[in-house]
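Structure first, then comments.
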Amino acid sequence: MKDTTSLNDMDTKLVEMARSISHNARVHLSGFHVGAAILSENGNIYVGCNVEFDNYTNTIHAEEAAISAMVSAGDLKPIKIAVFTNADEPCFPCGMCRQSLFELGREDLEVIACNNKNVKKANMGDLLPHAFHL
Ligand code: THU
Ligand code: ZN
């Protein structure tokens, strides 16, 4: 897995948008803010944050929210996603989100995980090898 801090202008824009939307997260249960910013093949950017509910299981992940915004707008193919967390180490998307992201973006989808200090990059093919798809 690549571990790099080299960000181009678009990477930096996505990271800033992910960081900004993470402030809107509803995280009264965990205090764990997550923001996601997706760049689509058409050049559009969609953002989302995590939304927690008192029964825990209804919680919406930031990546899911961004995916939902993208698909609702009529875009179907993500090519890059930045995920910002307020954790000590950058966090890549969970297994459930990896499956959803893989189905839409396949192996070449670029994933940028970041917090306020560090950035890590990986492709979806690295994050979910031998992925299931129909
Ligand atoms: N979370 C995300 O938003 N994305 C992930 O892929 C992992 C987990 C959120 C859900 C919950 O609000 C908080 O992080 C702690 O699990
Ligand atoms: Zn997730």
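Consider A87 against the criteria (1) closer than 21 Å to H133 by Cα; (2) within 14 Å of ligand 2 (Cβ to nearest atom); (3) over 9 Å from the mean Cα position of the chain (by Cα): it satisfies all of them except one. Which criterion is unmet? So the condition that A87 fails would be (1). Inspection of segment 75-89 finds no residue satisfying the criterion of being farther than 14 Å from V47 by Cα, more than 16 Å from ligand 1 (Cβ to nearest atom) and touching a Pro at 6+ places or on another chain (Cβ under 9 Å).
Where residues in segment 1-51 are among the basic types (K, R) and surrounded by 15 or more Cβ atoms within 10 Å (Cβ to Cβ), which of them is farthest from ligand 2 (Cβ to nearest atom)? Give the derivation first.
Let us first name the residues in segment 1-51 that are among the basic types (K, R), namely 2, 13, 19, 26.
Add one more test, that the residue is surrounded by 15 or more Cβ atoms within 10 Å (Cβ to Cβ), and what stays is 13, 19.
Numbers: K13: 22, R19: 18 Å.
Across segment 1-51, the extreme among qualifying residues is K13.
Note on segment 51-93: residues that are out of contact with any strand residue (DSSP E or B) (no Cβ under 8 Å at 6 or more places or on another chain) and among the hydroxyl-bearing types (S, T, Y) amount to 3. Considered as a group, the residues in segment 90-101 that are open to solvent by 20 Å² or more (accessible area, probe 1.4 Å) and not aromatic (F, W, Y) include one that is nearest to ligand 1 (Cβ to nearest atom), and that residue is C94.
Looking across segment 107-133, the residues that are under 23 Å from A69 (Cα atoms) and surrounded by fewer than 16 Cβ atoms within 10 Å (Cβ to Cβ) come down to E107, D108, H133.
The values are calculated or read from the model by the stated rules, or taken from the named source; none is laboratory data. For clarity, every value in this text was computed on a predicted model and none was experimentally measured. Positions of Cβ are backbone-derived with ideal geometry, glycine not excepted, and every protein chain shown enters the neighbour counts. Please note that ligands, DNA and RNA were not included when accessible areas were found on the heavy atoms of the full protein model with its side chains. Shrake-Rupley method; radii C 1.70, N 1.55, O 1.52, S 1.80 Å.
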